[in-house]
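Working notes, structure below.
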Amino acid sequence: IDVMTWLEEISLRDHTSPAALLGTREIREVLSASLGRGDRLKRLKSVLRAKRYPRLVSLEQALEAEVRALGLGSAVRIRFPRALEGNEVTGEVRARQPAALRAAVGRLNAAVTEGRFDRMFQLLDEAS
């Protein structure tokens with residue numbers, strides 16, 4: 001359903017037809033890729049979502065880049081609300097030993113204390 005809805009919405013916004021949209025190079029490449037049906041559909045949805053919600057996808061990519069730049073390691077996971085609705089950041093720390101937990105929490109605490117999360121909250125404010 002998302003695919004058909006997004007095709008219609010993008011076509012209306014861009015004053016084109018769904019057929020013309022499906023004929024773009026980017027979508028033709030996805031449709032002709034040597035992928036399984038499920039993977040091809042997933043990639044098509046990703047492309048159409050980016051075309052339908054360019055600002056949202058751009059903000060999501062910027063937030064992902066900010067998280068990577070923190071260098072918190074695999075023990076710390078930072079998540080954002082679905083469709084960036086709200087400005088809440090969720091942090092999750094996983095560890096199997098007390099020392100690993102202390103190290104991960106220490107990295108997270110340092111990033112917060114040093115203000116390295118500030119840009120993320122600015123981006124979330126832009127999304128609202």
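Take the solvent-accessible surface of the protein heavy atoms, probe 1.4 Å, and return the percent of it on the chain that carbon and sulfur atoms account for.
Of all accessible area on the chain, carbon and sulfur atoms account for 51 percent.
Would you mind finding the longest exposed-site-free stretch of the chain, with exposed trypsin sites (Lys or Arg not before Pro) meaning DSSP loop and at most 14 other Cβ atoms within 10 Å?
Details: sites that count: Arg94, Arg96.
With trypsin sites (Lys or Arg not before Pro) excluded where exposed in loops, the chain gives 1-93 as its longest stretch.
Leaving out ligands and nucleic acids, and using a 1.4 Å probe, what accessible area per residue does the chain come to in Å²? Walk me through the numbers on the way to the answer.
Values: 8660 Å² over 128 residues.
With all protein chains present, the chain gives 68 Å² per residue.
If DNA, RNA and ligands are ignored and the probe is 1.4 Å, what is the ranking of Leu63, Leu56, Leu12 by accessible area, most exposed first?
Largest to smallest exposure gives the sequence Leu12, Leu56, Leu63.
On each of the three principal axes of the Cα atoms of the chain, give max minus min coordinate, whole Å, ordered largest first.
Extents along the principal axes: 56, 33, 22 Å.
Compute the separation of the alpha-carbon centres of region 80-128 and region 47-70 and state it in Å as a whole number.
Centre-to-centre (Cα) distance: 17 Å.
Using the Karplus equation 6.51 cos²θ - 1.76 cosθ + 1.60 (θ = phi - 60°), what ³J(HN,Hα) coupling, rounded to whole Hz, does each residue of region 84-89 give in order, writing x for Gly and Pro?
Once θ is set to phi - 60°, the couplings for region 84-89 become 6, 8, x, 10, 9, 10 Hz.
Could you sort Ser46, Ser34, Ser17 by accessible area so the largest value comes first, with the probe set to 1.4 Å?
Largest accessible area first, the residues go Ser34, Ser46, Ser17.
The values are calculated or read from the model by the stated rules, or taken from the named source; none is laboratory data. Since the model is a prediction, treat every value here as computed from it, not as a measurement. Reconstructed Cβ throughout: ideal geometry from the backbone, glycine too, with neighbour counts over all protein chains shown. Protein only, heavy atoms only, side chains kept; ligands, DNA and RNA dropped before computing areas. Shrake-Rupley method; radii C 1.70, N 1.55, O 1.52, S 1.80 Å.
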